[in-house]
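The values are calculated or read from the model by the stated rules, or taken from the named source; none is laboratory data. The structure displayed is predicted, hence computed values, not measured ones. Cβ: placed from backbone, ideal geometry, glycine included. Neighbour counts: every protein chain shown.
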Amino acid sequence: VKPAIAIVGAGPAGLFAAETAVKAGARVTLYDRMRLPGRKFLLAGRGGLNLTHSEDIETFIARYREGGRELAPFIRAFSPQDLRAWADNLGADTFIGTSERVFPKAMKASPLLRAWLMRLDQLQVARISEATLIDLTASGGVLARAGQREEMTPHAIILALGGASWPELGADGAWQNMMRARGVDITPLSPSNAGVLIDWPAPVRALAGAPMKLIEARVGAARFRGEAMLSENGLEGGAIYAANAAIRAALHEGACDLHLDLQPNRTEADIVERLKARDPRRTLGPWLESKLGLSKASARMVATLTQARDAEALAAAIKGLSLRVRGFAPIARAISSAGGIAWRSVNQNLSLKAAPHVFVCGEMLDWDAPTGGYLLQACFSTARHAALGAFAYACARAKDA
Ligand SMILES: Cc1cc2nc3c(=O)[nH]c(=O)nc-3n(C[C@H](O)[C@H](O)[C@H](O)COP(=O)(O)OP(=O)(O)OC[C@H]3O[C@@H](n4cnc5c(N)ncnc54)[C@H](O)[C@@H]3O)c2cc1C
């Protein structure tokens, strides 16, 4: 009997698990609750689709912090170079962009996804949409499909159900209850690479959506350089996302003061020099913009949030604007989820200790990473490992049958 594998979740992890398993020799059926596959992958493509990163492998793995220990063998076995070669082979024509990040030339996901689905069709992966996994059984799983309960009993199941951000795109984290009911330990899903909440006065809030150019965010001794953007109720953007773990830790301790250096490439002395002769007829915000090349958002923040008016005080505020973070924006609008299935609940082959016929991969596992291509890389690398594990397991079961 040909080993049969059911995969639930047609995001990048599920799609890559399907490709790996079918190439290994399995009969693969891929289910998803949505009408169309890869909805979040397509959304990620709107930001350019940062597939992976070209830095050396040790630095790369260190970006996952504590999760790096668990992920390292999977990432070494299917590395950033392997992912790049895979995407090139699908016609994505990747290139290394700024800060060594890897993107497809098209800077979006749709051509890659189209070619990928075509490949899976050619490999005879059966794709079934609008089928929701609602339970796991001792040897299979239960799907809800067109109002009916449908039991499936393949030789192995791979779950790639994602985290809980952007739930309208399919991954809503509802699987957490199903897993807990089976005795699987879950670190509760929480927003990661998420905006932070800050109470703005009306003049700052009025600039929601405005970019702040390059800034440096400081939390305690930790510093994070990158872009930031004002939102209605706080801040978003790469520098803020990179600071998420430090902010989460500070909030956990009770409170988080975030300090922004709005001009990290200028010294305080240089700024003082440029701000010496103030024309009293000019409004502070626009004057700061023209004198320093500050973004409108940054200049308005300094003018509104501080009492600073002389050159020294203004320079100090620009180099260390102090903000009180109230918390994170809701997970529904985060880029990714921290938390997930605890590593102590999975075997080395990524099957569940509580249900060895069920393998898990992608964002539903308990790892966290900054933006920069680390999220997709971990999804691909864990998907491949889970698929190879599931294939070996399914072969053994098919032989017994
Ligand atoms: C705005 C945005 C930009 C991003 N940009 C990048 C980027 O540039 N680079 C990067 O590395 N990462 C990026 N990411 C993150 C990346 O998209 C995710 O980490 C990745 O999609 C997770 O893959 P996954 O396959 O684990 O889960 P998902 O892509 O979430 O797929 C899970 C699938 O499972 C299905 N599903 C869930 N529950 C069930 C169920 N019970 N039954 C049936 N089906 C179910 C869902 O419908 C979904 O299709 C971005 C994310 C967002 C939101």
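For region 149-161: of the residues being out of contact with any Phe, Trp or Tyr (no Cβ under 9 Å at 6 or more places or on another chain) and in a loop (DSSP other than H, G, I, E, B), which is surrounded by the fewest Cβ atoms within 10 Å (Cβ to Cβ)? Restricting to residues being out of contact with any Phe, Trp or Tyr (no Cβ under 9 Å at 6 or more places or on another chain) and in a loop (DSSP other than H, G, I, E, B), the top hit is THR153. Filtering region 370-385 to residues that are within 11 Å of the ligand (Cβ to nearest atom) and either surrounded by 24 or more Cβ atoms within 10 Å (Cβ to Cβ) or assigned to a helix (DSSP H, G or I) (or both) leaves GLY373, TYR374, LEU375, LEU376, GLN377, ALA378, CYS379, PHE380, THR382, ALA383. Note on region 169-184: residues that are touching a residue at least 60 places away in the same chain (Cβ under 8 Å), charged (D, E, K, R) and either within 11 Å of the ligand (Cβ to nearest atom) or outside any loop (DSSP other than H, G, I, E, B) (or both) total 0.
Checking the structure you have, find out if any residue of region 317-333 is crowded, with 23+ Cβ neighbours inside 10 Å, within 10 Å of the ligand (Cβ to nearest atom) and either closer than 18 Å to ALA242 by Cα or at pLDDT 95 or above (or both). No: region 317-333 contains no residue that is crowded, with 23+ Cβ neighbours inside 10 Å, within 10 Å of the ligand (Cβ to nearest atom) and either closer than 18 Å to ALA242 by Cα or at pLDDT 95 or above (or both). Annotation for region 144-156: at least one member residue is within 11 Å of the ligand (Cβ to nearest atom) and of a type in the set (A, V, I, L, M, F, W, C). Under the condition of being near the ligand (Cβ under 6 Å from one of its atoms) and either within 15 Å of MET34 (Cα to Cα) or in a strand (DSSP E or B) (or both), the residues counted in region 1-17 number 6.
Do we have THR94 as of a type in the set (Ser, Thr, Tyr) and either surrounded by 18 or more Cβ atoms within 10 Å (Cβ to Cβ) or within 19 Å of ALA18 (Cβ to Cβ) (or both) here? Yes; evaluated as a whole, the condition is true for this residue.
Taken over region 51-84, residues that are closer than 20 Å to PHE224 by Cα, among the hydroxyl-bearing types (Ser, Thr, Tyr), in a loop (DSSP other than H, G, I, E, B) and over 16 Å from the mean Cα position of the chain (by Cα) amount to 1.
For the structure I just gave you, tell me whether SER351 is in contact with a strand residue (DSSP E or B) (Cβ under 8 Å, 6 or more places away or on another chain), of a type outside the set (D, E, K, R) and closer than 23 Å to GLY238 by Cα. The answer is no for SER351.
For region 205-219, does any single residue satisfy the condition of being in a helix (DSSP H, G or I) and within 26 Å of GLY293 (Cβ to Cβ)?
Yes - at least one qualifying residue is present in region 205-219.
Selection of region 31-67 for residues being more than 10 Å from the ligand (Cβ to nearest atom) and in contact (Cβ under 8 Å) with a residue 24 or more places away in the chain yields SER54, GLU55, PHE60, ARG63, TYR64, ARG65, GLY67.
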